[in-house]
1. Take the residues in the range 173-197 that are closer than 11 Å to LEU15 by Cβ and modelled with pLDDT of 70 or more, then tell me which one is surrounded by the most Cβ atoms within 10 Å (Cβ to Cβ).
2. Can you work out which of the residues in the range 124-145 that are out of contact with any Phe, Trp or Tyr (no Cβ under 9 Å at 6 or more places or on another chain) and part of a helix (DSSP H, G or I) is nearest to MET1 (Cα to Cα)?
3. Return the only residue of VAL29, VAL49 being touching a Leu at 6+ places or on another chain (Cβ under 6 Å) and either assigned to a helix (DSSP H, G or I) or at pLDDT 85 or above (or both).
4. For the range 218-239, give me each residue that is assigned to a helix (DSSP H, G or I) and either surrounded by 17 or more Cβ atoms within 10 Å (Cβ to Cβ) or in contact with a helix residue (DSSP H, G or I) (Cβ under 7 Å, 6 or more places away or on another chain) (or both).
5. Is it the case, given these coordinates, that PHE124 is more than 19 Å from the chain's Cα centre (by Cα) and without any contact (Cβ under 8 Å) to a residue 60 or more places away in the chain?
6. When you go through (1) of a type outside the set (Ser, Thr, Tyr); (2) at pLDDT 75 or above; (3) crowded, with 17+ Cβ neighbours inside 10 Å; (4) in a helix (DSSP H, G or I) one by one for VAL36, which number turns out not to apply?
7. Checking the condition under 15 Å from the mean Cα position of the chain (by Cα), in a helix (DSSP H, G or I) and of a type in the set (A, V, I, L, M, F, W, C), which residue from VAL176, VAL207 passes?
8. All but one of (1) surrounded by fewer than 19 Cβ atoms within 10 Å (Cβ to Cβ); (2) modelled with pLDDT of 85 or more; (3) closer than 30 Å to ARG195 by Cβ; (4) not aromatic (Phe, Trp, Tyr) hold for LEU60; state the number of the condition that does not hold.
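The values are calculated or read from the model by the stated rules, or taken from the named source; none is laboratory data. These numbers were taken from a predicted model, which means no experiment stands behind them. Here the Cβ positions follow ideal geometry from the backbone for every residue, glycine too, while neighbour counts run over all protein chains shown.
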Amino acid sequence: MTPEAALLAGLLAGLFGSTHCLAMCGGIVGMLHSQVPHDRAWLAGGFHVGRIVSYLAIGLIATGIGLLPATLMPDQAPVVMRVLLGLMLVMMAVYIAMPGRFRDVAGELAAPLTRRLIPLFARFLPVRTFDNAIGLGLLWGLLPCGLLYSVVAAAVLLADPLATTAMIVAFGIGTVPLLLGTGLAVLKFRSAINRRGLRWMAAALMVLAGVLVALGPWLAHLVDHPWMQFVVDCVTPRG
């Protein structure tokens with residue numbers, strides 16, 4: 001999968017899949033942002049920098065694991081991993097297309113564990129420096145998250161550090177708008193993201209990417225047309 005396609009997939013997964021984050025992390029979001037001094041609101045950015053760094057570290061470790069099959073079985077592994085990656089993208093598309101109330105269930109199931117971890121976060125409060133905020137973000141990024149784990153699974157199958165970096169950083173950035181705090185603006189944004197038309201458009205793009213990743217070389221051979229080759233090349237690197 002090309003880094004550009006991985007970036008788009010990560011952004012769509014983060015932006016349209018993150019509505020469950022408020023159910024799972026709402027308590028932590030409120031607690032962290034309430035401890036930021038009003039005259040230093042920019043410190044809240046450190047939470048998200050730290051969180052994305054945690055995601056990236058986990059993803060790059062997963063990528064290292066994904067490189068092993070290609071090394072041990074150079075002939076069979078790339079084809080199998082490409083098909084599995086395509087299926088993973090389709091599964092992420094299904095998750096995006098689901099109505100918000102169903103996607104919230106995953107977050108609600110994890111909410112009790114999140115509440116138990118809040119006292120651990122409280123030990124590092126109040127937020128006084130940017131380093132302090134990044135440290136809290138690093139801790140936040142280690143919380144269990146089904147959506148993140150699906151992206152990490154994709155990172156294993158990508159087996160490409162550049163594509164993994166693009167996907168996970170874009171995923172993290174995509175989750176930021178709904179985790180900037182609480183209030184009317186966040187609720188309005190969540191309502192906009194939950195519109196069926198937008199969700200289905202994002203899901204359709206993910207499904208297309210999944211199909212092209214899994215079947216791209218075969219489709220390019222079957223349909224001998226420059227446009228088909230162009231579309232396949234946008235998603236699947238040559239060689």
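1. It comes out as THR175.
2. The extreme case among them is LEU138.
3. Details: VAL49 fails: touching a Leu at 6+ places or on another chain (Cβ under 6 Å).
Criteria check complete, one pass: VAL29.
4. Going residue by residue through the range 218-239, those that are assigned to a helix (DSSP H, G or I) are 218-222, 226-235.
Selection gives LEU219, ALA220, MET228, GLN229, VAL231, VAL232, CYS234, VAL235.
5. Values: more than 19 Å from the chain's Cα centre (by Cα): yes; without any contact (Cβ under 8 Å) to a residue 60 or more places away in the chain: yes.
Criteria met by PHE124.
6. (4)
7. Working: VAL207 fails: under 15 Å from the mean Cα position of the chain (by Cα).
Of VAL176, VAL207, the one residue that is under 15 Å from the mean Cα position of the chain (by Cα), in a helix (DSSP H, G or I) and of a type in the set (A, V, I, L, M, F, W, C) is VAL176.
8. (3) is the only condition that LEU60 fails.
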